[in-house]
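Participant: Okay, here's the structure, questions in a sec.
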Amino acid sequence: MIVVENLYKSFESAEVLKGISTTFEKGKTNLIIGQSGSGKTVFLKCLLGLFPYESGSISYNGKIYNDLSQSEQRKLRSKIGMVFQGGALFDSMTIGENVKFPLRMFSKKNNSEMEDRVHAVLKRVKLEDAYKKFPSEASGGMQKRVAIARAIVNNPSFLFCDEPNSGLDPKTAIVIDNLIQEITSEFNITTVINSHDMNSVMEIGQKIVFLKDGHKAWEGSNENIFKTDNEAVTNFVYSSELFRKVRRMYNEGL
Amino acid sequence: MFIKPTKWTVMRGLILRDIDDLVIGSFGIVAFISFFVGGVVTIQTALNINNPLIPQYLVGFATRQSVILEFAPTFISIIMAGKVGSFITSSIGTMRVTEQIDALEVMGINSINYLVFPKTIALLLYPFLISIAMFLGVLGGMAACYYGGFTSVSDYIWGVQLDFIPFHLVYAFVKTFVFAFLLATIPSYHGYFMKGGALEVGKASTTAFVWTSVAIILSNYIITQLILS
C-alpha cells in the first residue's frame, strides 16, 4: 500500500502538485487520470523518487520514503517495477537480456536460475519465442509486454506504469490492460497506472484518482465514475459522444 | 560516481564492451590517419629543406619529434573527440531521451557509475592506441621516403634515432592520460545532463565535441608549460 499525504511539488515558481493526499491499495489497479498538464507524470515521478518534493510525505507499506536511509531507499527501489511510456528497453541488449537485467543487478541467483526465471516471465507475457530478438525488432505491443516482464521479473511489491497503452491499437491496449490487472491480483502487488485512456479507466480502474491543475479533484472506482456529478470528472470522462451514450445507457440500466 | 558501484560481474562486461567500442573500434581510423599524416609531415619537411648544408637525416628527426610530441597525442585526441566523444554523448543522450536512464534510477542503480565509470576505465587503454599512432606515423614517413624518394630510408632511420630523449615519451603519455580522462568525462556529462529530444541529442554531441577539443587544447598548453619548460 502507498499512502500519499499533502504532497506539494514546484518547478521554480510554477506549483505543479498542490497538496495531494490519497491511498493506493495493495492488490488493486490504481489509476491516476487527468488532462495533459494536470500533473500526472510529475506525481508519478515523485512516487518513484525521481523528483524530490517540497513538502508532504509518501509512505510505502508504512515506511515514509524520505525518512529512510540511502541504502534503505535503494533496497525499497529494488522492490519497484516500472513500465515506462516508451518501454525504456535497453537498445544494446536482447529482449531476454533486458528482462534478465534486474536479476543480474540485484539477485543472488546463479545463471541457470536466472534463465529459468526469465523464460517463466516471458512465457507469462506470451513472449517465450522473443528471447533473442532486439527491442528494435519488436512491435510496440511486444515492447510494452517486455517492459512489463522486466518490471515483474524481480517479484516487485509495487508496479508503476506510465501511459502503458499509448501508441497501441485498441485491441492490443486491452491485452496490456488485462495483463497488468492479472499480474496485480496474481502477485498481490500495488499497481499505480498513469493514464488518460478512458478504455483503461472503464476496464481496470479499481481505484481512480482524478487530477486537475495539480489538485486531486475526485477519487473513486470505475463503478461509481458513472454515477458521479463532479463536473471536472464528467467534463473529462464524457468528452466524447460515445462515452456520454454509454453513461446514459448505464444509468437507464440497459 | 563511486557511491553504490555496479556489481563487478556486470561492470566487467560493460568495461569490455566499452574497450571494444571506444578503443578497438577506433583502431582503423587512427591507423589510417597516422600513417598518411606521418607521410605528409615527412614530405613537407623534405621539400622545405633547400639548404645543402642541412643533413637529409633531419627529415626523420623532424617527423619523429612532430609525431611523438604533438601529432599522435594531441591531433589524434581532437579526432577522437569527434569520433568517440560524439558516440558517448549521443549514446548516453539517447538513453536520457528514451527514459533508459530513468529506468536505471528507478531500479536503484547508480546510473553515473553504470554509464560513465566503464568508459573512463576503458579509455585507460587509450595510450595503447596513441602508441600505435606514433609507430604508424613514423612508419608512414619512412614509406613516403621510400616511395617518394625524398631521402634515403637509411638516412630517415638514422634521423629517427638521432638524439632520442625518452622523457619526451613520458611527456606524451602524461598528456595522453589527461586527454583520455577528458574524452570520457566531458562527452558523458553533455549526454547525461541533456534535456529535450532527438534534435537536442545532435546539439549535445556537437557541444561535447567543441568543449572536449577546447579542453584538450588548453590542457595541452598547460601540461607542456609544466613539463617541458
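What follows is calculated from the coordinates using simple rules that are stated; it is not laboratory data. Predicted, not measured: the structure shown is a model, and the values here were computed from it. A quick note on method: Cβ atoms are made from the backbone with ideal geometry, for glycine too, and the neighbour counts reach across all protein chains shown.
Participant: Please report the orientation-averaged projected area of chain A, defined via the convex hull of its C-alpha atoms, in nm².
Facilitator: It is 14.6 nm².
Participant: Taking a temperature of 25 °C and a viscosity of 0.890 mPa s, what whole-number D in µm²/s does Stokes-Einstein yield for the range A:37-181 with Rh from Kirkwood over alpha carbon pairs?
Facilitator: Answer from the Stokes-Einstein relation: 151 µm²/s.
Participant: Moving on. Send over the Kirkwood Rh of the range B:8-228, from the inverse of the averaged 1/r over different Cα pairs, rounded to one decimal Å.
Facilitator: On the way: mean 1/r = 0.0533 Å⁻¹.
For the range B:8-228, inverting the mean 1/r across all distinct Cα pairs yields 18.7 Å.
Participant: Under 5 Å between amide hydrogens, which residues at least 5 positions from A:Val16 or on another chain qualify, with H placed 1.01 Å from N in the peptide plane?
Facilitator: Residues meeting the amide H criterion: A:Lys9, A:Ser10, A:Phe11.
Participant: Here's another thing I want to ask about it. Taking the Cβ of B:Met95 as the center, what net charge do the other residues with Cβ under 10 Å away carry, scoring Lys and Arg +1 and Asp and Glu -1?
Facilitator: Value of the local net charge: -2.
Participant: Quick one: what do you get for the protein assembly as shown if you divide its Cα Rg by 2.2 N^0.38 Å? Don't skip to the answer; put the middle values down first.
Facilitator: Numbers: Rg = 29.8 Å, N = 483, 2.2 N^0.38 = 23.0 Å.
After normalising by residue count via 2.2 N^0.38 Å, the value is 1.29.
Participant: Roughly how tilted is helix B:27-48, in degrees to the nearest 10 and between 0 and 90, from the longest Cα axis of chain B?
Facilitator: 30
Participant: Further, regarding this structure: For chain A, return all DSSP H helices satisfying: extent of Cα atoms along own axis at least 24 Å; mean Kyte-Doolittle hydropathy at least -0.5.
Facilitator: A:170-187
Participant: Residues in the range B:57-71 near a label at B:Val170, defined as backbone nitrogen under 18 Å from the 7 Å Cα→Cβ point?
Facilitator: Within reach of a label on B:Val170: B:68-70.
Participant: At 0.36 nm per residue, and after removing the present C-alpha to C-alpha distance, how many nm does the segment from A:Ser107 to A:Glu252 gain when stretched out fully?
Facilitator: Numbers: separation 145, 0.36 × 145 = 52.20 nm, distance 5.37 nm.
Using 0.36 nm per residue and subtracting the Cα-Cα distance, I get 46.8 nm.
Participant: Also: Expressed as a whole percent, how much of the Cα-Cα distance distribution for the range A:37-80 exceeds 13 Å?
Facilitator: Tail fraction, whole percent: 56.
Participant: A follow-up question, please. How long is the range A:105-243 along each principal axis, judged by its Cα atoms, biggest number first, in Å?
Facilitator: Extents along the principal axes: 56, 29, 24 Å.
Participant: If you don't mind, there's one more thing I want to ask. Give me the number: length gained by fully extending B:Leu124 to B:Trp8, i.e. 0.36 nm times residue separation minus the C-alpha to C-alpha distance, one decimal in nm.
Facilitator: 40.0 nm
Participant: Compute for the range A:1-63: radius of gyration divided by Kirkwood radius, i.e. Rg/Rh, restricted to C-alpha atoms, rounded to two decimals.
Facilitator: 0.95
Participant: Further question on the same structure: Cut-off is 10 Å between beta-carbons; in what order do A:Tyr250, B:Tyr192, B:Tyr126, B:Tyr221 appear when sorted fewest neighbours first?
Facilitator: B:Tyr221, A:Tyr250, B:Tyr192, B:Tyr126
Participant: Further, regarding this structure: Tilt of helix B:166-192 relative to the longest C-alpha principal axis of chain B, in degrees (0 to 90, nearest 10)?
Facilitator: With rounding to tens, the tilt is 30 degrees.
Participant: Looking at chain A, what % of its DSSP beta bridges pair antiparallel, to the nearest 5?
Facilitator: Taking every DSSP beta bridge within chain A, about 55 percent pair in antiparallel fashion.
Participant: Separation of the range B:69-99 and the range A:36-59 by C-alpha centroid, Å?
Facilitator: Cα centres, the range B:69-99 to the range A:36-59: 35 Å.
Participant: How much of the calculated P(r) for the range B:1-66 lies past 14 Å, in percent of all Cα pairs?
Facilitator: That tail contains 72 percent of the Cα-Cα pairs.
Participant: Points 7 angstrom from Cα along the Cβ direction at B:Ile49 and A:Glu128: gap in nanometres?
Facilitator: 7.6
Participant: Another question about this same structure. Between B:Lys195 and A:Asn224, with labels modelled 7 Å along Cα→Cβ, what's the label distance in nm to one decimal, could you check?
Facilitator: Spacing of the two 7 Å Cα→Cβ label points: 4.0 nm.
Participant: Something else: Residues with beta-carbon under 13 Å from that of B:Ile217, excluding B:Ile217: net charge, scoring Lys, Arg +1 and Asp, Glu -1?
Facilitator: Numbers: positive: B:Lys175; negative: B:Glu70.
With Lys, Arg at +1 and Asp, Glu at -1, the neighbours total 0.
Participant: Something else now. Calculate how many DSSP beta bridges within the protein assembly as shown are antiparallel, expressed in % of all such bridges and rounded to the nearest 5.
Facilitator: So the antiparallel bridges amount to about 55 percent of the total.
Participant: Once phi is turned into θ = phi - 60°, what whole-Hz ³J(HN,Hα) does the Karplus curve with 6.51, -1.76 and 1.60 give for every residue of the range B:129-145, x standing for Gly and Pro?
Facilitator: Those phi angles translate into 5, 5, 5, 5, 4, 4, 4, 5, x, 5, 5, x, x, 5, 5, 5, 5 Hz.
Participant: Add -39500 (n - 2.57) for each DSSP H run of 4 or more in chain B, then divide by its residues: what number comes out at 222 nm, to the nearest 500 deg cm²/dmol?
Facilitator: So the helix-based figure for chain B works out to -23500 deg cm²/dmol.
Participant: Determine, for B:Leu14, A:Leu31, the number of other Cβ atoms within 10 Å of each Cβ, and report the residues in order from fewest to most. Kindly include the intermediate steps, with their values, before the conclusion.
Facilitator: Values: B:Leu14 18, A:Leu31 27.
Fewest-to-most ranking of B:Leu14, A:Leu31: B:Leu14, A:Leu31.
Participant: In nm, to one decimal, how far is the A:Lys171 label point from the A:Asp213 one, both placed 7 Å along Cα→Cβ?
Facilitator: 4.3
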